[in-house]
1. Where residues in segment 2-34 are surrounded by fewer than 10 Cβ atoms within 10 Å (Cβ to Cβ) and outside any helix (DSSP H, G or I), which of them is modelled with the lowest pLDDT?
2. Name the pairs whose Cβ atoms lie under 7 Å apart, with the first residue in segment 1-24 and on the phi < 0 side of the Ramachandran plot, the second modelled with pLDDT under 80 and surrounded by 10 or more Cβ atoms within 10 Å (Cβ to Cβ), and 6 or more positions between them or separate chains?
3. Being surrounded by fewer than 10 Cβ atoms within 10 Å (Cβ to Cβ) and modelled with pLDDT under 65: is that true of Lys92 here?
Amino acid sequence: MISMQNVIDNQGFDLAFAGMAIVFAALLAITLFTYWLPGLLARLEKRFPSAFVLAGSSHERHEEQEEAPGPQLVAAIAYTLGRAGLNSPPGKNK
């Protein structure tokens, strides 16, 4: 029969409390790390600037050059998909 006496005799509570303390300490360490991470990354950014900043913001200029596809390109894609039967509603494929 299962009884609490076996747990008390074999130091089961001590082992359970030690396990809870270990898990609590690990979760606390993870929480503190995620709390301090933005500040740490800001300090590292000051000490070691990223490659985009060193290159004179060439990444930002590249993004400005990209444009949305024009209406003619969209019409050509829709026509091609329609010819292939890929843009018709389900159950109405050719």
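1. Ranking the qualifying residues of segment 2-34, first place goes to Ile2.
2. Final answer for the pair search is Phe13/Val7.
3. In short, yes.
The values are calculated or read from the model by the stated rules, or taken from the named source; none is laboratory data. Since we're looking at a predicted model, the values are computed, not measured. Heads up, the Cβs are rebuilt from the backbone with ideal geometry, glycines too, and the neighbour counts pull from every protein chain shown.
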